[in-house]
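The values are calculated or read from the model by the stated rules, or taken from the named source; none is laboratory data. Treat the numbers as computed from the prediction; the structure is a model and nothing was measured. Neighbour counts run over all protein chains shown; Cβ positions are idealised from the backbone, glycine included. In case anyone asks, the SASA skips ligands and DNA or RNA and just uses the protein heavy atoms, side chains included. Shrake-Rupley method; radii C 1.70, N 1.55, O 1.52, S 1.80 Å.
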Amino acid sequence: AGLAIRARRDQRHRHDHLPTVPANGWVLQGHVRDNTSQPISGLTVCLVDQQKNFLSTYGYAYTDTNGYYIITYTPDPSAPAPDPLSAYLEVLNSSGQAIYIDATAFTLNPGASLFRDLMLASQTPLGNPPPGATGNVIFKAKKTSSGGS
């Protein structure tokens, strides 16, 4: 509620380079901006399932000073190509509180690069953190590199 999203699905992004898409993997990238189109840095971007559970297999990324994030999934290249992944994008503030969750799932296909720009109408948390949560992000996973310029 109170959040707006502008999603853009491209094979390219607005940086000087194209990311390398791993064999059988995928790349999810984009920017997170506020309602005045200014980039928002230091947010956590991750994928969740239909029940809004963090999909730790795919890691997470932090937005950089340009609001840019990139999550690269690199499965074992000798494994068969994975099925397309249906997931929801979630953005958390520095306290680990969700400030954006997709209303509908999107699909990440093996061998593809997907670009998603988000424009947040508000940075108000969508709810309260779980009992016992501290001011830190509450899940643990390997951080993916955050590129961009």
- line: Inside region 27-71, the number of residues satisfying the requirement of being over 17 Å from residue 101 (Cβ atoms), outside any loop (DSSP other than H, G, I, E, B) and among the β-branched types (Val, Ile, Thr) is 3
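For region 94-105, name all the residues that are touching a strand residue (DSSP E or B) at 6+ places or on another chain (Cβ under 7 Å) and surrounded by fewer than 19 Cβ atoms within 10 Å (Cβ to Cβ).
Filtering region 94-105 down to residues touching a strand residue (DSSP E or B) at 6+ places or on another chain (Cβ under 7 Å) leaves 98-102, 105.
Hits for region 94-105 are 98, 101, 102, 105.
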message: List pairs: first residue in region 34-52 and farther than 20 Å from residue 73 by Cβ and free of Cβ contacts under 8 Å to residues at least 40 places away in the same chain, second residue open to solvent by 40 Å² or more (accessible area, probe 1.4 Å) and among the polar types (S, T, N, Q) anywhere in the structure, Cβ distance under 8 angstrom, at least six positions apart or on different chains.
response: 39/65; 39/66; 41/65; 41/66
Which listed residue, of 127, 132, 148, is part of a loop (DSSP other than H, G, I, E, B), more than 14 Å from the chain's Cα centre (by Cα), modelled with pLDDT under 95 and under 16 Å from residue 30 (Cβ atoms): 148
field: Single residue of region 58-87 satisfying the filter (of a type in the set (Ser, Thr, Tyr), touching a Leu at 6+ places or on another chain (Cβ under 9 Å) and open to solvent by 30 Å² or more (accessible area, probe 1.4 Å)) that is nearest to residue 43 (Cα to Cα)
entry: 62
